[in-house]
Amino acid sequence: MLNIKKPRGTNDFFYDSSKNLEFIENKIKNIVKLYGYGRIRTPLFEYTELFTRGIGEGTDIVGKEMFTFEDRGGRSLTLRPEGTASVARAYIENSMQNEFAVNKLFYLGTMYRAERPQKGRYREFNQFGAECIGSSSPLIDAEIILLNINILKEFGIDNVNLLINTVGCSKCKPSYNNALKEAIGNKKDELCETCQRRYDINILRILDCKNDRCREIIKDIPKFYDYVCDECKEHFDRLCEELTRIGQSFTVSNTLVRGLDYYTKTAFEVQTDALGAQSAVLGGGRYDNLIGLFNNGKDIPAVGSAMGIERLLIILENQNNIISERLDVFIAAFKETENEVLKIMQKLRANNISCDYGFSAKSIKSQFKYANKRNAKYILVLGEDELKKGMCRLKNMDSTEEKEVSLNDIHSNIEK
Ligand code: AMP
């Protein structure tokens, strides 16, 4: 016997959990339509340079979380760890800038990161992402935040904490990095080992560290806002104004930098305690310099977000919000009447009625039991005597009402 289990940090979704996933995805698809987004599907794997250059060499994702392998020709490929870099590549590769001045794209799909698995953190997980490319207006930053919060609301998740920050642009980021270096100064040696490395290669990542001592050291660090240029300040002020105007509460978090290098100006994250400990369900920000990487250095402003679908699933399941889709009709037949089953089911399905037959069930009693387990709304019994008259027995499993109906007219007796 082969004893093969699924790889660590992956999930099998079936029956209820897969129905719930589909429910979540369908609802999201309907909501994004209201905001004018169109779906984009990009490959599950890309050339590795896309991520190393796009996300940044000094990030946790590129440094230790990518699933990378070589193709037969020796070129390095990587399973996508996130969606934005692929969307940016696809945008330029397909000249979408010639299509519309502003392109609103969303994706739903699996991402791959070799993280230490735990509840809500997997090596294969699903994300919903929205990317709006072509506008530098803070209005669009506000809209993308509202889109995400409205999605959470639609799922009954009201109690959320929206954190926002400005992380500056290529002009002003270096002066903040220097201020941070100076502020940490001689406490560098007291940082955890990882942060001592981060200090030299990607100092902003220190702000994300969960280590108590590191958190203590960065408690009184300078505020990004005090170091960013006037353009970044204005952008951030306008975003705060827009959110306030619309009645969306938020907290300015000075340490919010997010795990990817490409963010400029706006960074945001939504946390909820519905996941147990306070934790992130989605995040995003502006990335005004990412597209330039694929466009001969010509930047195109953009903003995006990514939401963890499994985290949403956990929240919904904790709320006992299980989606139950019922089978309309379950057919019970005898050996002598089984020949009619497929024909009847063909007709029902042509009338948009879901139905099924036991196929391996034996006695009528066991077929009734199975119909109950399948939570069917009706059970249709094909008895020999009724069949001779062109009839069958239809029982409503909720009201227990039972009647004889014509085989030609079953569908009009089914209440959907
Ligand atoms: P990020 O792409 O890191 O900005 O993450 C955006 C969202 O994706 C997070 O807020 C989580 O909800 C979700 N997410 C990120 N990493 C994982 C993971 N390893 N497993 C499950 N969900 C994740």
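The values are calculated or read from the model by the stated rules, or taken from the named source; none is laboratory data. Predicted model only: the values in this text are computed from it and were never measured. Cβ placement follows ideal geometry from the backbone for every residue including glycine, while neighbour counts extend to all protein chains displayed.
Against the definition (more than 16 Å from the ligand (Cβ to nearest atom), within 30 Å of residue 90 (Cβ to Cβ) and assigned by TED's automatic domain parsing to the domain that holds residue 31), how does residue 146 come out, yes or no?
Yes: the conditions hold for residue 146.
Please enumerate the residues belonging to the stretch 47-72 that are under 22 Å from the mean Cα position of the chain (by Cα) and of a type in the set (Asp, Glu).
Listed by number, the residues that qualify are 60, 65.
In the stretch 347-375, how many residues are closer than 21 Å to residue 406 by Cβ and not in a helix (DSSP H, G or I)?
Residues flagged as closer than 21 Å to residue 406 by Cβ and not in a helix (DSSP H, G or I) within the stretch 347-375 amount to 6.
Within the stretch 265-278, is there a residue that is within 12 Å of the ligand (Cβ to nearest atom) and at positive phi?
no
Any idea which of 9, 83 is modelled with pLDDT of 95 or more, surrounded by 12 or more Cβ atoms within 10 Å (Cβ to Cβ) and not assigned by TED's automatic domain parsing to the domain that holds residue 127?
9
Out of (1) among the hydroxyl-bearing types (Ser, Thr, Tyr); (2) more than 13 Å from the ligand (Cβ to nearest atom); (3) part of a helix (DSSP H, G or I), what's the single condition that is false for residue 78?
All conditions are met except number (3).
If I filter the stretch 93-127 down to residues being part of a strand (DSSP E or B) and of a type in the set (D, E, K, R), which single residue comes out as farthest from residue 38 (Cα to Cα)?
121
Within the stretch 72-92, take every residue that is free of Cβ contacts under 8 Å to residues at least 40 places away in the same chain and among the basic types (Lys, Arg) and give me the one that is farthest from residue 39 (Cα to Cα).
72
Only one residue in 51, 69, 13 is outside any helix (DSSP H, G or I), touching a helix residue (DSSP H, G or I) at 6+ places or on another chain (Cβ under 6 Å) and without any contact (Cβ under 8 Å) to a residue 60 or more places away in the chain, so which one is that?
Among 51, 69, 13, only 13 is outside any helix (DSSP H, G or I), touching a helix residue (DSSP H, G or I) at 6+ places or on another chain (Cβ under 6 Å) and without any contact (Cβ under 8 Å) to a residue 60 or more places away in the chain.
Do you know which residues across the stretch 316-346 are part of a helix (DSSP H, G or I) and under 30 Å from residue 271 (Cα atoms)?
Selection gives 316, 317, 318.
Looking at 21, 44, can you tell me which residue is in the same structural domain as residue 264 (by TED's automatic domain parsing) and in contact with a helix residue (DSSP H, G or I) (Cβ under 7 Å, 6 or more places away or on another chain)?
The unique qualifying residue is 21.
Within the stretch 307-315, identify whether any single residue is within 16 Å of the ligand (Cβ to nearest atom), among the hydrophobic types (A, V, I, L, M, F, W, C) and part of a strand (DSSP E or B), and answer yes or no.
Yes, the stretch 307-315 contains at least one residue that is within 16 Å of the ligand (Cβ to nearest atom), among the hydrophobic types (A, V, I, L, M, F, W, C) and part of a strand (DSSP E or B).
Here's the yes/no breakdown for (1) more than 18 Å from residue 252 (Cβ to Cβ); (2) of a type outside the set (Phe, Trp, Tyr); (3) at pLDDT below 90:
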{"residue": "192", "(1), (2), (3)": "yes, yes, no"}
{"residue": "198", "(1), (2), (3)": "yes, yes, yes"}
{"residue": "204", "(1), (2), (3)": "no, yes, yes"}
{"residue": "209", "(1), (2), (3)": "yes, yes, yes"}
{"residue": "213", "(1), (2), (3)": "yes, yes, no"}
{"residue": "220", "(1), (2), (3)": "no, yes, yes"}
{"residue": "226", "(1), (2), (3)": "no, yes, no"}
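Here is a yes/no grid of residues against (1) polar (S, T, N, Q); (2) assigned to a helix (DSSP H, G or I):
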site	(1), (2)
210	no, no
214	no, yes
225	no, yes
233	no, yes
240	no, yes
244	yes, yes
249	yes, no
254	yes, no
265	no, no
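A quick yes/no check of all residues on (1) out of contact with any strand residue (DSSP E or B) (no Cβ under 6 Å at 6 or more places or on another chain); (2) small (Gly, Ala, Ser); (3) more than 30 Å from residue 191 (Cα to Cα):
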position: 221; (1), (2), (3): yes, no, no
position: 230; (1), (2), (3): yes, no, yes
position: 262; (1), (2), (3): yes, no, no
position: 274; (1), (2), (3): yes, yes, yes
position: 280; (1), (2), (3): no, yes, no
position: 287; (1), (2), (3): no, no, no
position: 295; (1), (2), (3): yes, no, yes
position: 302; (1), (2), (3): no, yes, yes
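Across the stretch 344-363, what is the number of residues that are more than 41 Å from the chain's Cα centre (by Cα) and either modelled with pLDDT of 95 or more or within 25 Å of residue 412 (Cβ to Cβ) (or both)?
0
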